[in-house]
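What follows is a set of notes on a single structure, which appears directly below.
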Ligand SMILES: [Cu+2]
């Protein structure tokens, strides 16, 4: 399934990479397409991955989920 997270705080490609890597480290996440322009991440993941887990990964990376 796919979940879109709206993320605040990304300012450059490095941030995009940081968020992308954080999301992909979650067990069950297949892919994370992060857009600086759209300020979001479209996460392709197994059903077992919770929204809370994805939010926590983004926050832990230093960004905000809105
Ligand atoms: Cu940056």
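When the P(r) is computed for the stretch 2-65, the part past 14 Å accounts for 45% of the Cα-Cα pairs.
Computed over the chain, the per-residue total of -39500 (n - 2.57) for DSSP H runs of n ≥ 4 gives a 222 nm mean residue ellipticity of -10000 deg cm²/dmol, rounded to 500. Cβ crowding within 10 Å ranks 54, 10 as 54, 10, fewest other Cβ atoms first. To the nearest ten degrees, helix 13-24 and the longest principal axis of the Cα atoms of the chain are 10 degrees apart.
Using the count of nearby Cβ atoms within 10 Å as a rough guide to exposure, how do 19, 42 rank from fewest to most?
Exposure proxy ranking, most exposed first: 42, 19.
How much length is gained on full extension from residue 12 to residue 51, taking 0.36 nm per residue of separation minus their Cα-Cα distance?
Difference between extended and current length: 11.6 nm.
May I ask you to list the residues of the stretch 1-43 whose amide nitrogen lies under 16 Å from a point 7 Å from Cα along the Cα→beta-carbon direction of residue 60? In the stretch 1-43, the label zone of residue 60 (backbone N under 16 Å from the point 7 Å along Cα→Cβ) covers 18-30. Taking other C-beta atoms within 10 angstrom as a stand-in for reagent exposure, 18, 45 fall in the order 18, 45, fewest first. Compared with the dominant Cα axis of the chain, that is its longest principal axis, helix 51-60 is turned about 40°.
All of the numbers you see were taken from the coordinates with simple rules; none came from a lab. Given the structure is predicted, the values throughout are model-derived calculations rather than measurements. As a convention, Cβ positions derive from the backbone with ideal geometry for all residues, glycine included, and neighbour counts pool all protein chains shown.
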